[in-house]
Structure formats: structure tokens, C-alpha cells
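Shown next, in C-alpha cells, is the structure this report addresses.
The values are calculated or read from the model by the stated rules, or taken from the named source; none is laboratory data. In this text, all values refer to a predicted model and were calculated from it rather than measured experimentally. Note that each Cβ is placed from the backbone with ideal geometry, even for glycine, and that neighbours are counted across all protein chains shown. Each accessible area value is taken on the protein alone, full model and side chains, heavy atoms only, with ligands, DNA and RNA left out. Shrake-Rupley method; radii C 1.70, N 1.55, O 1.52, S 1.80 Å.
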Amino acid sequence: AKRHRFIKYFELKHVDGYGCVRPRLEAINHAKGDVFCMVDADAYYDKDYLKIGVKRLLSSKKIGAVVPRMHFWDANTFISKHKSLMYEITFNDPEQINREIKAAYHSPWFIKKEVYDQVGGFHISWAYIEDVYLARNIMNAGYEMVHEPNAHWYHRLERKIGEIIRKNWDIGRMYSTEKNFLPVTLIKVGYFTLPILAIPAGFIF
């Protein structure tokens with residue numbers, strides 16, 4: 001921001017329970033461009049990542065969003081190496097990655113503003129699932145989500161059992177504070193806390 005005047009930096013006070021959706025909504029409210037590119041704090045990107053991703057996004061009116069090529073960052077434990085291998089196998093198989101994109105398993109990291117506005121964008125209640133819901137809505141509106149294998153980025157994910165348990169516990173606890181007991185809430189809590197129950201069950205049975 002100091003070097004380039006067109007870059008704007010906004011500091012947002014953290015509030016528990018919203019995951020990435022709240023800062024993304026705040027950023028989009030300040031954005032003035034025709035393309036939204038979502039980035040994560042625990043990731044880094046190739047120098048030509050933006051150029052390649054935006055070029056693919058704007059290559060067709062039918063394309064509403066682009067899924068770039070994801071890699072695992074710093075895979076140095078058994079768990080992280082296994083997860084990294086699974087990601088590499090998936091992204092190296094065009095048919096598999098396209099099936100997963102159509103099933104809304106992957107995030108729309110490059111998005112046309114007009115498409116985002118048309119489908120209603122993110123909703124503040126979509127914490128930790130905002131990317132999946134947006135992907136589904138983009139495709140339901142008749143737009144394509146495509147994979148761009150030459151736009152590389154590297155995401156740091158959980159590397160230890162304790163990190164996986166903590167993440168799932170935090171997400172489950174967040175959903176349990178919605179202060180309602182509708183079936184969908186109970187399903188959310190159960191889904192995100194199930195891995196915690198599965199570990200002691202494995203020792204017992």
C-alpha cells in the first residue's frame with residue numbers, strides 16, 4: 001500500500017464466529033474493480049498468479065469463476081505429506097478435478113464482480129462454508145467454474161492430529177453458538193465434532 005496508491009489496506013478487528021466470511025465481505029464492500037480475487041493469510045502465491053488467473057477468468061463470458069492450482073505448503077509430517085499427496089493426485093487428474101469443481105468442492109478464488117452480484121455474493125452466516133455456497137450458486141446461475149492449472153498457490157493446512165482436532169472443535173463450537181436447536185444446527189455440530197469422538201472410539205473398539 002505504501003508503494004502503490006491503488007492498493008488499499010484496511011485493518012479489521014477480529015470477531016469470533018465468522019471465519020473468513022466477515023473480512024471478505026468487508027473487503028468486497030470497499031472494492032472498486034471488476035474482478036474479485038480471494039487470498040488466504042496462511043498462503044503464498046506465484047508472481048504470475050494474478051495475471052494468469054484473471055486472464056482465464058476473462059477468456060469467456062460463460063466463465064463465472066476460476067479455481068487455481070493448489071499445493072500444500074510445508075508438508076513435513078506424515079499427515080501433511082499424505083494430504084499433500086492427495087491434493088497432487090486430484091489436481092493432476094483433469095477429470096477428477098473437474099468432477100469436484102462441478103460438485104462445489106473447490107473455492108471460486110477468481111470471481112467476476114457482475115457474477116458475484118448476480119448470485120447474491122457471500123452471506124454473513126456462511127462462516128467456513130462461504131466458498132462452497134458461493135461456488136454452488138455461481139454454477140446454479142448457469143456460469144462455469146473452471147480450473148486454471150498454471151495459476152499456482154500454496155496453502156498451509158493442518159499438519160498434526162492436535163491441529164485437526166482443534167480446528168474441528170472450534171468450528172463445531174462456533175456453530176453450537178448459533179443459539180438455536182434446529183436440525184440443521186445439530187447436524188453441523190455433529191459433523192464438525194465427529195472426528196474428536198472417533199479418536200477415543202478407535203482405542204476402545
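Quick rundown of the values:
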quantity: Any pair with Cβ under 6 angstrom, 6 or more apart, that starts in the range 3-29 at a residue that is closer than 20 Å to K113 by Cα and ends at one that is part of a helix (DSSP H, G or I); calculated: V21/E130
quantity: Some residue of the range 81-91 being of a type outside the set (S, T, Y) and crowded, with 19+ Cβ neighbours inside 10 Å; calculated: yes
quantity: Exclusive hit being modelled with pLDDT under 95 and either β-branched (V, I, T) or crowded, with 17+ Cβ neighbours inside 10 Å (or both), set W126, W73, W169; calculated: W126
quantity: Residues (within 27 Å of K81 (Cα to Cα) and part of a helix (DSSP H, G or I)) located in the range 131-170; calculated: D131, V132, I161, G162, E163, I164, I165, R166, K167, N168, W169, D170
quantity: Qualifying residue in the range 51-61 (condition: within 19 Å of F6 (Cα to Cα), out of contact with any Lys or Arg (no Cβ under 7 Å at 6 or more places or on another chain), touching a residue at least 12 places away in the same chain (Cβ under 8 Å) and part of a strand (DSSP E or B)); calculated: no
quantity: Residues of the range 20-50 that turn out to be of a type in the set (A, V, I, L, M, F, W, C) and in a helix (DSSP H, G or I), as a count; calculated: 5
quantity: Single residue of the range 28-37 satisfying the filter (within 12 Å of G121 (Cβ to Cβ) and open to solvent by less than 60 Å² (accessible area, probe 1.4 Å)) that is modelled with the highest pLDDT; calculated: F36
